[in-house]
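Comments concern the structure below.
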Amino acid sequence: MRSNTDFGRANDSAFCLYSEIPHTFSLHFCKVVNMPARDSRSSRRPSSSKNSTRFKRPVRKNHSKPKAISPAERKVIIFNKPYDTLSQFTDGEGRKTLADYIPIKEVYAAGRLDRDSEGLMVLTNDGILQARLTQPKSKSPKTYWVQVDGAPTEADLDKLRKGVELKDGMTLPADVEVMAEPPVWDRNPPVRFRANIPTTWLSITIIEGRNRQVRRMTANIGFPTLRLIRASMAGIELGGLQPGEWKEIEL
């Protein structure tokens with residue numbers, strides 16, 4: 001058997017050994033030498049598997065707490081929101097907002113009132129106070145004067161006192177009493193009454209704040225709300241403020 005060996009370099013980076021064995025086959029041996037060192041970053045490059053997180057951005061969770069503010073810096077404003085006014089400072093449709101009445105900057109509403117509701121709103125620059133007035137766990141009581149269509153009986157009102165089933169679940173028990181008509185301003189536009197159907201004023205106090213909750217509660221027992229005025233929240237009273245009036249208070 002005859003053997004012939006030849007060494008050659010290829011691009012200064014490898015040499016190969018060729019062995020020829022007659023009447024059989026050729027063997028080709030290659031050994032890489034003098035290769036440049038691999039970039040250390042490439043060794044840490046993640047695989048292209050589905051589990052790779054190379055291009056995923058970490059998700060930041062916002063656990064920030066309401067900003068504390070000193071009593072000297074705190075601003076608290078009470079406002080009698082008129083009918084047909086949004087409980088926010090801006091609107092892209094030209095409707096009336098809080099900005100039409102309140103010139104003070106950097107105060108925010110603690111809770112909302114529907115556009116067709118009236119009465120007390122509290123605005124503040126104190127995030128902790130705002131949270132205390134609005135968060136369900138604080139259980140801040142809110143009292144509404146509610147004019148309903150018809151004359152509910154005590155049996156009807158007991159349903160509200162025990163809680164009624166709404167689309168978003170049972171309501172918590174409410175304090176409900178029949179009251180004399182309160183000495184309040186005339187609404188513009190006036191409430192539409194049905195001929196020969198009496199109306200009744202109720203005082204309803206709740207500790208929840210669901211969307212249009214009081215209106216849905218009275219409708220649930222068969223007595224739709226005609227007019228709704230928030231009289232107090234968390235011990236803060238509307239007092240003698242007229243629609244569109246506001247004043248700064250100390251807490």
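The values are calculated or read from the model by the stated rules, or taken from the named source; none is laboratory data. Owing to the predicted nature of the structure, the values given are computational and were not obtained by experimental measurement. Every residue, glycine as well, gets a Cβ built from its backbone with ideal geometry; the counts of neighbours run over all protein chains shown. Note: areas computed on protein heavy atoms with side chains; ligands, DNA, RNA excluded. Shrake-Rupley method; radii C 1.70, N 1.55, O 1.52, S 1.80 Å.
Miscellaneous remarks
- Looking at the range 141-233, the accessible area is 53 square angstrom per residue; that uses a 1.4 Å probe and ignores ligands, DNA and RNA.
- Ranking by accessible area, most exposed first, for D175, D186, D149 with a 1.4 Å probe: D186, D175, D149
- Surface composition of the range 117-251: carbon and sulfur atoms hold 52% of the protein heavy-atom accessible area at a 1.4 Å probe.
- Distant-in-sequence amide H partners of G119 (H built 1.01 Å from N, under 5 Å): K81, R230
- The amide H of I236, built 1.01 Å from its N in the peptide plane, has no neighbour under 5 Å, considering only residues 5 or more places off or on other chains.
- Exposure of D126 as accessible area (Å², to 10), given a probe of 1.4 Å and all protein chains: 10
- Cα centroid of the range 153-196 to Cα centroid of the range 226-241, whole Å: 15
- Across the range 236-241, rounded Karplus estimates of 3J(HN,Hα) from the backbone phi angles (6.51 cos²θ - 1.76 cosθ + 1.60, θ = phi - 60°) give 8, 9, 5, x, x, 5 Hz, Gly and Pro being marked x.
- Furthest towards positive pole of dipole, V184, G239, F223, structure part the range 173-251, Cβ charges: F223
- Area accessible to solvent at F223, 1.4 Å probe radius, in Å²: 30
- Label-to-label distance, nm, for residues given as N188 and A151 (7 Å Cα→Cβ offset): 3.3
- HN-Hα J in Hz across the range 221-229 - Karplus 6.51, -1.76, 1.60, θ = phi - 60°, x for Gly and Pro: 9, x, 10, x, 6, 9, 8, 9, 10
- Computed FRET value (nearest 0.05) for K167 with I197, which takes r as the C-beta separation and R₀ as 35 Å: 0.85
- Amide H contacts of G163 (H built 1.01 Å from N, under 5 Å, at least 5 apart or other chain): A174
- The listed residues K142, K137 rank as K137, K142 when sorted by accessible area, largest first, using a 1.4 Å probe.
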